[in-house]
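S.K.: Structure below; questions to follow.
Readers should treat all values here as calculations from the given coordinates under stated rules, not as data from a laboratory. As the structure is a computational prediction, the values presented were derived from the model and not from experiment. Note that each Cβ is placed from the backbone with ideal geometry, even for glycine, and that neighbours are counted across all protein chains shown.
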Amino acid sequence: MYQQIVVGTDGSEGGNIAVDAAIELARLTGATLHIVHAYKVMGSYQLAAAAEVGVVPDVVESNEAVQAHGRQICAVVVERARGLGVRAEEHCVNDDAADALIKVATDAKADLVVVGNRGMSGARRFVLGSVPNKVSHHCPTSLLVVDTSHART
């Protein structure tokens, strides 16, 4: 049924609920699981803003730490998936979370993208937008939105 499944994670409890659903689907269907973690490195705008308030961050060190943290989040999920017999690949991407998911799904020729519903309730989804909402409008394939609301209680 599914050959390539893409799931995003930020390492949170809610993210893990969506990841667990994706791992189980991949296990049942024999699909390859693509784990995506999006991060943002500090750019010139953030550096200029920090300098204006008298903070001079070590940009290289900060960006390396952000990337290392993202790789660690992916590595934990890959290890968990492989422990259950699922083929898994990690994609640690410097981009907006929704754009990263859409790009990986397109590049991997995914059959399914799995996201949690975090941030989709109330008026905030209309004002601030959310990863699942943006993905639902631009996803190149089928989309499964997993209920992660019990992670917030």
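S.K.: Could you list which residues have their amide H under 5 Å from that of A88, counting only those 5 or more apart in sequence or on another chain, with H placed in the peptide plane?
M.R.: For A88, whose amide H was placed from the backbone, the distant partners under 5 Å are L33.
S.K.: Quick one: which of 8-18, 68-78 comes out on top by average Cβ neighbours within 10 Å, and what's the full order, highest first?
M.R.: Result, highest mean first: 8-18, 68-78.
S.K.: Here's a follow-up. Taking H placed 1.01 Å from N in the peptide plane, check which residues at least 5 places from G8 or on another chain put their amide H under 5 Å from its amide H.
M.R.: It is V36, V114, by chain and number.
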